[in-house]
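Presented below is the structure to which this report refers.
No lab work stands behind these numbers, since they all come straight from the coordinates. Because the structure is a prediction, the values reported are computed rather than measured. When we count neighbours, we look across all protein chains shown, and the Cβ atoms used for this are built from the backbone with ideal geometry, even at glycine.
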Amino acid sequence: MTRRRLIIDCDPGHDDFAAIALAVTSGVFEIEAITAVCGNAPLPRTAANALAIADALGTSIPVYAGAVAPLLHRYDFPAAFHGVTGLDSAGATLPPPRRPLAPGHAALEIAARVNAAPGEITLAVVGPMTNVALALALDPDIASKVRELVFMGGGIVGGNVTARAEFNIWADPEAAAIVLNSGIKTTMFGLDVTNRAFIDTDDLKRLRAAVPAPNPVADIIQFYSERSGDIAAGRVPGPALHDTCPIAWLIDPTLFQTESLSVTVETAPGPGYGATDADRRTWAPDHLPRIDVALELDRPRLARLVTDALVEAARRIADRR
Ligand code: BDR
Ligand code: CA
């Protein structure tokens, strides 16, 4: 079976780490590049984290740094959830990477790679969409050459940064509007499903037991669990690993149910800034662009897939020490 060619655009980020681990260990992708964007932390941090992850997992996937700032929005980085490094740990950290970032800007790289392989490359976007929007601004023709785009962001049910806006979209709503209006075949994994994409206490125990200490994967996930408001409130037993959803869907689409909807991003200043609005009327005007939106998931099966991937990642990292 030919492997799906993939670029992962991310802002690691604990759940970005889980998403990359899932993609790498699945063996079903030819991961052409990992591109980093500012989001959960400033760009130097997210780029360094992406490189550390790719290297620790034993890959030679090139990692490119991208946008230093969103197109318009300026905000304080959310250190409360991911720590000041963007990938803080409750104990052991990833080993320092043994190779440098690849030269060149992420947006240029996305455009160049898509142009070089029309119809071949899937984009998985699990951070703010600045890099992809910049690539589309540099070369709008790439919209017709991307095989498809999957992303974690938004939510029909509501937000996590504000009542209505989810972090990735809120961080750069103008970029998200550019991407969602580009005409690229797109599937959205918003809080509708990702808030339920948690692993549970047994999964965490299995990860902890997978390798003797130091076990940076378990420690990194533990840090993220300790910062989860939903766990503290007793709503979920373990951390929601939002960014794993689009990757999991590419691996096994039967894990999710999707609906074709017209989704717009609110870019006007005000309480709805960064919200994703979906028109769920059956008679919604059909001239509006539609995307597929994941609305249901098989949580236990997803948690098993993700935990297996984290366990495998923990073993690979231990083997490289
Ligand atoms: C999204 O925001 C970030 O904190 C996570 O990495 C994820 O991509 C969830 O809202
Ligand atoms: Ca992310």
Check: Going 7 Å from the Cα of ASP298 in the Cα-to-Cβ direction, what parts of the stretch 229-261 have a backbone nitrogen less than 11 Å from that spot?
Finding: 252-257
Next item on the list: Describe numerically, in nm with one decimal, the distance between label points set 7 Å from Cα along Cα→Cβ at SER144 and at ARG321.
Entry: 5.3
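Less than 12 Å Cβ to Cβ from ALA80, Lys/Arg counted +1 and Asp/Glu -1: what total charge do the surrounding residues give?
Here the count lands on -2.
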Margin query: Quick check: Cα centre of the stretch 55-76 to Cα centre of the stretch 128-163, how many Å?
Written below: 15
Next item on the list: Would you calculate the separation in nanometres between label points at VAL68 and ALA137, each defined as 7 Å from the Cα along the Cα-to-beta-carbon direction?
Entry: 1.5
Notebook entry, point to check: Working out 0.36 nm times the residue gap between GLU120 and ASP200, then minus their Cα-Cα distance, what length gain in nm do you get to one decimal?
Noted result: 25.2 nm
Next item on the list: Mind telling me which of ALA294, ALA112, ALA18 comes out most flexible in a GNM of the chain, alpha-carbon contacts under 10 Å?
Entry: ALA112
Checklist line | Inverse mean reciprocal Cα-Cα distance (Kirkwood Rh) of the stretch 4-319, Å | finding: 19.1
Next item on the list: Express in whole angstrom the spacing between the alpha-carbon centres of the stretch 278-321 and the stretch 249-270.
Entry: 11
Next item on the list: Sketch the reach of a paramagnetic label on ARG98 as a point 7 Å from Cα along Cα-to-Cβ, and name the residues of the stretch 55-83 whose backbone nitrogen lies under 18 Å away.
Entry: 55-63
Notebook entry, point to check: Helix hunt in the chain: which complete DSSP H runs extend at least 20 Å axially by C-alpha with mean Kyte-Doolittle at least -1.0?
Noted result: 299-319
Next item on the list: Compare THR307, THR59, THR282 in a GNM of the chain, Cα atoms joined below 10 Å, and give the one with the largest fluctuation.
Entry: THR282
Next item on the list: May I ask for the percentage of alpha-carbon pairs in the stretch 177-245 that lie more than 17 Å from each other?
Entry: 53
Next item on the list: First select every other residue whose beta carbon is under 15 angstrom from the beta carbon of ALA209; then total the charges, Lys and Arg +1, Asp and Glu -1.
Entry: -2
